[in-house]
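Below: one structure, written as C-alpha cells.
The values are calculated or read from the model by the stated rules, or taken from the named source; none is laboratory data. In this text the structure is predicted, and so the values were computed from the model without any measurement. Reconstructed Cβ throughout: ideal geometry from the backbone, glycine too, with neighbour counts over all protein chains shown.
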Amino acid sequence: MEESPRSGALHVIRERDWAVLKRNEVFKAVAVVKRRKIIFEKQWFYLDNAIGNVYGTTFEVTSGGSLQPKKRVDEATTETKKAGTDNRNIIDDGKSQKLTHDDIKALKDKGIKGQEIVQQLIENSATFSDKTEFAQDKYIKKKKKKYEAVITIIKPSTRILSTMYYSREPGKINHLRYDTLAQMLTWGNVHAGNKMIVMETCAGLVLGAAMERMGGYGSIIQMYPGGGAVRAATNCFGFPESFFQTLYEFPLSKVRSLLSGTFSVKALPSETEGDMLAEEESNGAFDKKQLSTQEADMECSTDIGMESGLPDEQEMVDLPTDGEALEDDKTKGTVHDKQRKQEERRKKLVEATALLKDKDADGLIVASRFHPAPLLLSLLEFVAPSRPFVVYCQYKEPLLECYTKLREKGGVVNLKLSETWLRNYQVLPDRSHPRLTMSGGGGYLLTGITVINENPKTDDHSEQKTEEPAPKKPKLQ
C-alpha cells in the first residue's frame, strides 16, 4: 500500500521542523533553520543539506560544516586482518601507534574523512594484528567514535525526548524516567478523544507525551503555577498548529475561586505583564520561591502557593526555545497585535473555565515538584467518576500522605503505590549481559480510580457517628 504524498511528507526533514540530533548515545533537539550554525559534540555544521532527506538518515560532516548522507560501507576491516589468539603479550606502553597527534591533525586539515583516519591508525598500529578479534572490534569502535563525525537526524518522539532529558539533566524533569512516563500514560488511560487535566513541572515533557498520545483529538487542560505555562519540551515535539488548538491552560492560583464560583476572567493579568514575567523567568532573574511541605499543608487544598515563582524547569537541557530557534522571525509586535493576543488568551481561558466547570474530565496526571497532596485533593474535584488518575513523585513519603488522605476522604478505589524497576542489557553475540551502570530509581506512582462517594463521613457534632478503622499502609508494589 503506497503512502499518500501528505503522509510521506511527515517523514521528510523540512525547514522549521524540530529534529533530534544523535551521535552515539548523545541527543540534542534543534530547530531546522537554514544557515544556522549548530554546535553538537564539539562539532559545528549547518542543517541546510539535511532538508529534503528522510528522518533517520545518517550524515557525515564535511569541510565547511556541510552535511552529506553517509554511504554504507561493509565493515570488513577485521576480516582482512589476522587476529591473534590472546592479548597476554601486548604491552600498553604508548609506543605501539606510529602516528603522532600532529600527524592526525594534519590528516584532518587535509580533509581526510574519519573512516580513512581510522584505517591509517589500524595500519600504523604495531599491536593491532596481535589483538583478539574481540579486542580489534573494540579498538575500531573506539577510534570511530573519536574521529568519525557522523550524525543521525531523528524525528522527535516521547521516547527520544524523555531519554534525552533523563540522560543529560534529569533534575529538569524531576528525575522522571522514561519507563515511569510510559506507566503514567498507561495508567492514565490517555488516548484520542479524552478530556485530560495535566499538572506538571517537568518542562512540558509530560504534557507533550499526552498530546502525542492523543494525536490532536480531545482536549487537554494544563494547570500551571506562577505567571505562565512552561512548554519548553513540548515545543521540541514539533506538533502542528491543530494540536495546540485543543490545548488549554488554567492558573492554579485561580482554582479556589473557580470551585467557590467567584472566578472572573477580568482578573487575568495583561499580556504585557505576562510576557515580562516569562522573560524574567527564562533569564533566571525571577525571584524563585518554593513552597515547603508545611506551608502547602497550611494552605487550602486549592491554594498551593502558586503566586510563588516557577522553578527551574523552564531551563532546558541544551535546547533552544522556540523564539531563539527562529531569531530571524522575531519582530516587535504592534499595539494591535498585543491586544489581539491578549484577547485570544482571554478567550482560551474562558473555554478552559467552561471545560473545568463541567467536572467531567476523563483523567488526571500530576507530576509536580510541589507537594502532591493539596494538588491532588483539589484537582480531583474536576474529574468525572470512574476515571483514572496518576500522581508521580520522586519520593514515596508524599505519596503515602496522599494515600492516607484519599482513604480518609473516600471517593476513590483501587489505590496503588508502585515503583518501576528498569535495567538495560547489552545484547551482542556471545557477550550479552546487564549493563554495568543503571539508574538508582525511577520515582513512585500513586494510581487510582474515582467513584461517587455515597457515604461521606459524618460531621463531628452529628448524633450518629460511626468510627472507621484506621487505613492500612499500602504495600509497595
Out of the residues in segment 432-477 that are of a type in the set (Val, Ile, Thr) and at pLDDT below 60, state the one that is surrounded by the most Cβ atoms within 10 Å (Cβ to Cβ). 458
So which pairs qualify, if the first residue must be in segment 129-148 and closer than 22 Å to residue 25 by Cβ, the second must be part of a helix (DSSP H, G or I) and among the charged types (D, E, K, R), the Cβ gap must be under 9 Å, and the two must be at least 6 apart or on different chains? 147/108
Scanning segment 13-48 for residues that are of a type in the set (A, V, I, L, M, F, W, C) and surrounded by fewer than 13 Cβ atoms within 10 Å (Cβ to Cβ), which turns out nearest to residue 108 (Cα to Cα)? 44
For residue 167, indicate whether it is under 20 Å from the mean Cα position of the chain (by Cα), closer than 30 Å to residue 201 by Cβ and modelled with pLDDT under 90. yes
Just the residues that are surrounded by fewer than 19 Cβ atoms within 10 Å (Cβ to Cβ) and among the basic types (Lys, Arg), please, taken from segment 144-184. 144, 145, 146, 155, 159, 168
Can you report the number of residues in segment 190-215 which are crowded, with 24+ Cβ neighbours inside 10 Å and of a type in the set (Gly, Ala, Ser)? 5
Step by step: first the residues of segment 161-195, then only those that are in contact with a Gly (Cβ under 7 Å, 6 or more places away or on another chain) and free of Cβ contacts under 8 Å to residues at least 40 places away in the same chain, then the one that is nearest to residue 214 (Cα to Cα). Which residue is that? 192
For the list (1) modelled with pLDDT of 50 or more; (2) exposed (fewer than 14 other Cβ atoms within 10 Å of the Cβ); (3) in a helix (DSSP H, G or I), I need the number of the one condition that residue 262 fails. (3)
When (1) outside any helix (DSSP H, G or I); (2) touching a residue at least 60 places away in the same chain (Cβ under 8 Å) are applied to residue 235, the one that fails is (1)
